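Worksheet: one structure, shown below.
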């Protein structure tokens, strides 16, 4: 019964503490949003700049990919049409024709993949560099607010923590005594 009462009191205390801290959290959240407004706007501007800088690379990548697909289609289209018109007897001849072409295309695909990667790497690196820069800016900008929030939280919780400890002390001592009795009973039963 006492344990149930102490849990109920603990729950009530947690709710009271939560209600006490809500204004602090809202104030800090609003301050953080206001203080990071310029950074957020700068990040959005930088991403727009980055997007416009990457646009030519994207167009180049599209041209390269389109060229590769056109080459593949140009190579395969006549063969596929020929295959559609041939009967089953000619399937073996067609396979013999396709084998060298497929091998050539596989090799070409590997070199084209490297070419595609070479176009993608600068784009990925530029995005990664900008993200890293903005994350560092955000971290630097948010650190003082996080520390201030932590200090306010500690100040706000200090009286409640001491109060909780004082209220819980009798229940903790009672539980300790009961656990000691249970331990003694078990120890005696084992020794007997």
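A compact table of results
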{"quantity": "Those residues of the range 30-40 which are in a helix (DSSP H, G or I) and within 22 Å of the chain's Cα centre (by Cα), in sequence order", "calculated": "32, 33, 39, 40"}
{"quantity": "Residue satisfying condition, being surrounded by fewer than 12 Cβ atoms within 10 Å (Cβ to Cβ) and either more than 42 Å from the chain's Cα centre (by Cα) or modelled with pLDDT of 85 or more (or both), within set 144, 170", "calculated": "170"}
{"quantity": "Selection status of residue 65, in contact (Cβ under 8 Å) with a residue 60 or more places away in the chain and either outside any helix (DSSP H, G or I) or under 30 Å from residue 126 (Cβ atoms) (or both)", "calculated": "no"}
{"quantity": "Total residues in the range 119-141, condition surrounded by fewer than 11 Cβ atoms within 10 Å (Cβ to Cβ) and under 17 Å from the mean Cα position of the chain (by Cα)", "calculated": "4"}
{"quantity": "Residue in the range 116-133 that is modelled with pLDDT under 85 and outside any helix (DSSP H, G or I) present", "calculated": "no"}
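Here's the yes/no breakdown for (1) farther than 30 Å from residue 158 by Cβ; (2) surrounded by fewer than 14 Cβ atoms within 10 Å (Cβ to Cβ); (3) touching a helix residue (DSSP H, G or I) at 6+ places or on another chain (Cβ under 8 Å):
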residue	(1), (2), (3)
24	no, no, yes
31	no, yes, yes
34	no, yes, no
41	yes, yes, no
47	yes, no, yes
53	yes, yes, yes
63	yes, yes, no
69	yes, yes, no
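The values are calculated or read from the model by the stated rules, or taken from the named source; none is laboratory data. Fair warning: this is a prediction, and the values are worked out from it, not measured in the lab. All Cβ positions, even for glycine, are placed from backbone atoms using ideal geometry, and neighbour counts span all protein chains on display.
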